[in-house]
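The values are calculated or read from the model by the stated rules, or taken from the named source; none is laboratory data. This one's a predicted model, so the numbers in the text were calculated from it and none came from an experiment. Don't worry about glycine lacking a Cβ; one is built from the backbone with ideal geometry, like all the others, and counts go over all protein chains shown.
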Amino acid sequence: MAPQSKLEDKTQENADLHKDFMLTIADRCDSCGAQAFVWVNGKNGELLFCSHHYNKIMSSATGALAMMDFAVETVDERERLFIYEENRKTGE
Ligand SMILES: [Zn+2]
């Protein structure tokens, strides 16, 4: 019996432009008020970040450590920025 696993192409699945996102345009970054793409459910509250501010925190060692300590659950929808860019290019 040969363990012949079917190689599924997950690329298309990962690039599903119609997938449901949790965050909406009404969700705003706690730091600057821009549209939020990252939601962090933490030990003592929720935080919303735009791509810029989440990147900023995670790119600093102390910020990333503090975030890992705080976060219980993280929803990262920064891939939507890419989708927006694609839509803009096609004029939608
Ligand atoms: Zn921000």
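Within segment 46-65, work out how many residues are within 9 Å of the ligand (Cβ to nearest atom) and part of a helix (DSSP H, G or I).
Total meeting the criteria: 5.
Being of a type in the set (Asp, Glu) and modelled with pLDDT under 95 is the filter here, so list the residues in segment 15-59 that pass it.
Within segment 15-59, 16, 20 qualify.
Among residues belonging to segment 37-88 that are among the hydroxyl-bearing types (Ser, Thr, Tyr) and surrounded by 11 or more Cβ atoms within 10 Å (Cβ to Cβ), point out the one that is farthest from residue 22 (Cα to Cα).
Out of the qualifying residues, it is 60.
Report, ordered by the first and then the second residue, all pairs with beta carbons closer than 6 Å, sequence separation of six or more or different chains, a first member in segment 42-53 that is more than 17 Å from residue 84 (Cβ to Cβ), and a second member that is within 16 Å of the ligand (Cβ to nearest atom) and small (Gly, Ala, Ser).
48/36; 53/31
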